[in-house]
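Worksheet: the structure to be examined is printed underneath.
The values are calculated or read from the model by the stated rules, or taken from the named source; none is laboratory data. None of the values given here were measured: they were computed from a predicted structure. Cβ sites come from the backbone with ideal geometry, for glycine too, and all protein chains shown count toward neighbours. Note: areas computed on protein heavy atoms with side chains; ligands, DNA, RNA excluded. Shrake-Rupley method; radii C 1.70, N 1.55, O 1.52, S 1.80 Å.
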Amino acid sequence: MNWISNYVRPKINSLFSRRETPENLWSKCPECGTMLFHRELSENLNVCTNCDHHMALTPRERFNALFDGGVYARIEVPEPVADPLQFRDQKKYPDRMRAAQKATGEPEAMLVAQGEIGRTPVVAAAQDFSFMGGSMGMFVGNAIIAAAERAVEQNLPLILFSAAGGARMQEGILSLMQMPRTTVAVQMLKEAGLPYIVVLTHPTTGGVTASYAMLGDIQIAEPNALICFAGPRVIEQTIREKLPEGFQRAEYLLDHGMLDRVTHRKDLRDELITIVRMLTGQSPAVRGDLPPPEPGEDPPADPAPALEPVADSPVEAAKA
Amino acid sequence: MTHYLEFEKPLAEIEGKAEELRALARANEEMDVEQEAAALDQKAADMLKDLYKTLSPWRKCQVARHPERPHCIDYIEALFTEYTPLAGDRNFADDHAVVGGLARLNDRAAMVIGHEKGNDTKTRIERNFGMARPEGYRKAIRLMDIADRFNIPVITLVDTPGAYPGKGAEERGQSEAIARSTEKCLSIGVPLISVIIGEGGSGGAVALATANRVAMLEHSIYSVISPEGCASILWKDAEKMREAAEALRLTAQDLSRLGVVDRIIPEPMGGAQRGRSETIANVGKTIAALLDDLSAKDRGTLIKDRRKKFLAMGSKGLAA
């Protein structure tokens with residue numbers, strides 16, 4: 001239950017699991033220590049089969065599991081100015097960036113895509129904690145704005161998966177300015193009458209929580225995710241007392257009225273489909289693993305479910 | 001008794017000597033020390049000028065946090081008439097770290113809101129050192145709402161080390177409160193002017209500073225994280241705050257180059273603490289000028305311009 005087991009090890013595991021080298025067929029659950037076969041683990045969406053501990057998912061893994069048939073179109077994110085402050089700590093910021101890009105194989109800490117979930121077209125954005133702690137800088141801001149603009153343009157809901165230690169310190173004040181910038185993006189969705197659903201994953205902290213990650217119409221969290229503004233260590237240092245068990249975890253926030261739901265990863269996709277379809281006036285969805293939509297073909301109209309009659313015409317399936 | 005900052009110690013010595021000489025002369029009428037004392041005064045004035053000509057970012061942090069710097073209530077009392085404080089968030093409490101209410105600036109009604117740090121041990125504790133809890137931001141939201149409904153411009157005075165990292169603050173939704181306050185700043189159809197008068201500490205500052213125009217006192221700071229915090233994370237050594245202050249670009253001058261700050265308000269030689277009334281007057285003049293500038297704009301334009309400004313922010317880096 002310490003920082004090493006909660007954060008460092010899963011991070012290392014997720015880095016290694018990407019390469020799928022034969023010597024890395026097994027990984028150990030950081031929570032209960034069970035050895036998990038890699039295929040079994042990935043089929044279970046990186047949730048421990050023994051204790052249900054939710055390990056990190058990269059945006060690609062998440063989108064593969066989320067979209068019908070694992071098919072989605074990536075949305076381009078406008079490239080921000082590199083190293084806007086010419087920031088240098090013990091390393092130069094561009095060197096840290098290159099190292100993160102090499103380790104993750106990703107250009108930055110957020111992936112934005114469009115596709116269908118249960119034949120329901122949506123825009124989705126997912127933050128990558130393995131890329132510099134998912135930190136929010138100009139790129140993440142641009143990604144959220146691009147996602148919102150696409151959603152507005154095509155009249156689609158936006159689902160956002162957050163995971164971040166907070167702001168990207170190496171972009172100084174400009175990382176702080178992503179709080180208002182991403183808030184403008186959320187306002188675009190609200191004004192267009194489009195659902196904005198936030199799924200908070202472990203961990204979501206700092207300036208990210210204090211902006212777009214807390215402004216969803218519906219707030220869902222994965223079990224045991226750490227969600228906070230100030231981290232537990234900072235608070236313990238400030239108030240000089242031990243914090244209660246489970247403090248700032250998803251269930252604790254649910255209890256304190258800060259979330260709508262805490263949902264197991266295996267149920268998340270279905271739940272998102274259900275919510276999105278109700279908020280956008282569509283009929284109940286067809287369940288199950290759907291193949292990718294045929295390219296060029298109109299998405300099929302929703303067949304009414306066998307037992308429950310649907311009052312409204314289900315034709316308004318998709319506007320994409 | 002003047003409070004000298006660490007880097008002002010040599011100055012303290014000279015000014016102390018001049019003071020001693022004069023005290024001696026008062027006790028002994030035959031002594032004529034005026035010439036000598038005047039020379040010391042001159043030396044002190046030269047040194048002060050020299051010290052403040054080029055303040056390093058870390059020294060600016062110290063000046064920005066100077067205990068004798070004018071605080072929010074000092075500005076309100078000196079610049080506004082008919083100040084009528086309004087209290088409470090209507091949910092839980094009245095947060096004394098955020099003050100605000102109706103007031104007149106040159107006879108025009110305004111809603112003034114700001115962080116108050118307090119001036120002595122008692123008031124500092126009462127004000128929680130200017131670190132607001134969720135109730136503070138929710139009070140600010142409420143006051144901005146009133147201003148919006150009755151078409152009254154909003155003026156915010158920012159001076160906080162950051163939002164309070166406490167147990168109750170987290171439980172009651174610190175991050176949500178900050179996010180909503182930023183969102184409110186971006187939604188109101190009245191002029192919103194923000195002045196950073198001391199410390200602009202991260203999300204706790206942004207929540208009040210997402211304004212049409214942001215002005216900053218010459219030696220104030222505005223940053224995503226305190227230099228000490230940044231140093232302990234990136235340098236793993238809190239003593240590297242000088243380097244961190246440098247790297248973060250948190251001075252008014254750098255922020256103006258980055259396009260984050262619209263105007264720098266000059267401080268008297270030796271900082272606001274050495275010329276409180278002059279500083280307050282300068283701030284008053286700037287607020288009045290910025291208000292004049294915005295008063296012709298209609299509601300829609302004010303909202304649109306504010307959002308556009310933040311969306312465009314950071315697109316050029318230091319080349320802005």
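Taking all protein chains as they are arranged and a probe of 1.4 Å, the heavy atoms of A:Ile218 leave approximately 40 Å² accessible to solvent. Near B:Glu218, the amide H atoms lying under 5 Å from its own belong to B:Ile265, B:Glu267; only residues 5 or more places off or on other chains count, and H is placed 1.01 Å from N. For the range A:21-146, a Kirkwood radius taken over Cα pairs fed into Stokes-Einstein (20 °C, viscosity 1.002 mPa s) yields D = 130 µm²/s. Only protein heavy atoms count here; under a 1.4 Å probe, B:Glu278 has an accessible surface of about 100 Å². For the range B:61-311, place one equal point scatterer on every Cα, skip the solvent, and apply the Debye formula. What is log10 of I(q)/I(0) at q = 0.09, 0.10, 0.14 Å⁻¹? For the range B:61-311, the Cα-only Debye profile gives -0.35, -0.43, -0.89. Here the 3J(HN,Hα) profile of the range B:185-194, calculated from phi with Karplus coefficients 6.51, -1.76 and 1.60 at θ = phi - 60°, is 3, 7, 10, 7, x, 10, x, 10, 10, 10 Hz, Gly and Pro shown as x. Inter-label distance, B:Ile146 to B:Ala87: 1.3 nm, where each label sits 7 Å from its Cα along the C-beta direction.
Can you compute the FRET efficiency between A:Leu279 and A:Ala73 using 1/(1 + (r/R0)^6), with r the Cβ-Cβ distance and R0 = 30 Å? Round to the nearest 0.05. Given R0 = 30 Å and the Cβ-Cβ separation, E is 0.85. When restricted to Cα atoms, the range A:208-256 yields an Rg and a Dmax of 11.8, 35 Å, respectively.
When the trypsin sites (Lys or Arg not before Pro) in the range B:264-320 are filtered for DSSP coil states and for at most 14 other beta-carbon atoms within 10 Å of their beta-carbon, the remaining sites are B:Lys316.
Computed with every protein chain present, the accessible area of B:His96 is close to 80 Å² [probe 1.4 Å]. For the range B:159-251, the alpha carbon convex hull comes to 101 Å³ per residue, rounded to a whole number. For the range B:1-52, the list of GluC sites (Glu not before Pro) that fall in a loop by DSSP and count at most 15 other C-beta atoms within 10 angstrom reads B:Glu29, B:Glu30.
What FRET efficiency comes out for the pair B:Trp235/B:Thr54, r = Cβ-Cβ distance, R0 = 25 Å, nearest 0.05? Computed FRET efficiency for B:Trp235 and B:Thr54: 0.55.
With helices as the sole contributors, the protein assembly as shown gives -12000 deg cm²/dmol at 222 nm; each DSSP H run of n ≥ 4 counts as -39500 (n - 2.57), and the sum is divided by every residue.
Taken one residue at a time, the phi angles of the range A:138-152 give Karplus couplings (6.51, -1.76, 1.60, θ = phi - 60°) of 4, 5, 4, x, 4, 5, 5, 5, 4, 5, 5, 5, 5, 4, 5 Hz. Gly and Pro are set to x. Across the options B:Leu255, B:Pro153, A:Ala146, the greatest Cα extent toward the positive end of the charge dipole of the protein assembly as shown (unit charges at beta carbon of Lys, Arg, Asp, Glu) belongs to A:Ala146. Dividing the mean sequence gap of close Cα pairs (under 8 Å, 6+ apart) by how many residues the range A:151-242 holds gives a relative contact order of 31 percent. Close amide-amide hydrogen proximity is noted between A:Leu160 and A:Ala125, A:Ile197, A:Val198, A:Val199, each under 5 Å apart and 5 or more residues distant or on a separate chain (H modeled in the peptide plane; Pro and chain starts excluded). Backbone amide hydrogens, once placed in the peptide plane, bring B:Thr160 within less than 5 Å of B:Glu199, B:Gly200, B:Gly201, excluding anything fewer than 5 places away on its chain.
For chain B, the longest principal axis of the C-alpha atoms and the axis of helix B:299-312 are separated by about 70°.
Relative contact order for the range A:151-203: 61 percent, from Cα pairs under 8 Å spaced at least 6 residues apart, divided by residue count.
Solvent-free Debye calculation, one equal scatterer per alpha-carbon of the protein assembly as shown: log10 I(q)/I(0) at 0.11 Å⁻¹ equals -1.08.
Of all lysines in the structure, those lying under 30 Å Cα to Cα from B:Lys49, and not within fewer than 8 positions of it along the same chain, are B:Lys9, B:Lys17, B:Lys60, B:Lys117, B:Lys240, B:Lys285. Specify the angular offset, from 0 to 90 degrees and rounded to the nearest 10, of the alpha carbon long axis of helix B:34-53 from the longest principal axis of the alpha carbons in chain B. Value to nearest ten degrees: 40. Centre-to-centre, using Cα atoms only, the range B:1-70 and the range B:96-163 are separated by 34 Å.
Distance distribution P(r), the range B:14-53, all Cα-Cα pairs, bin width 10 angstrom from 0: 33, 44, 18, 5 percent. The mean sequence distance of close C-alpha pairs (under 8 Å, at least 6 residues apart), as a share of the length of the range B:14-53, puts its relative contact order at 48 percent.
Modelled spin-label separation between B:Ala27 and B:Arg299, with each label point placed 7 Å from Cα along the Cα-to-Cβ direction: 7.0 nm.
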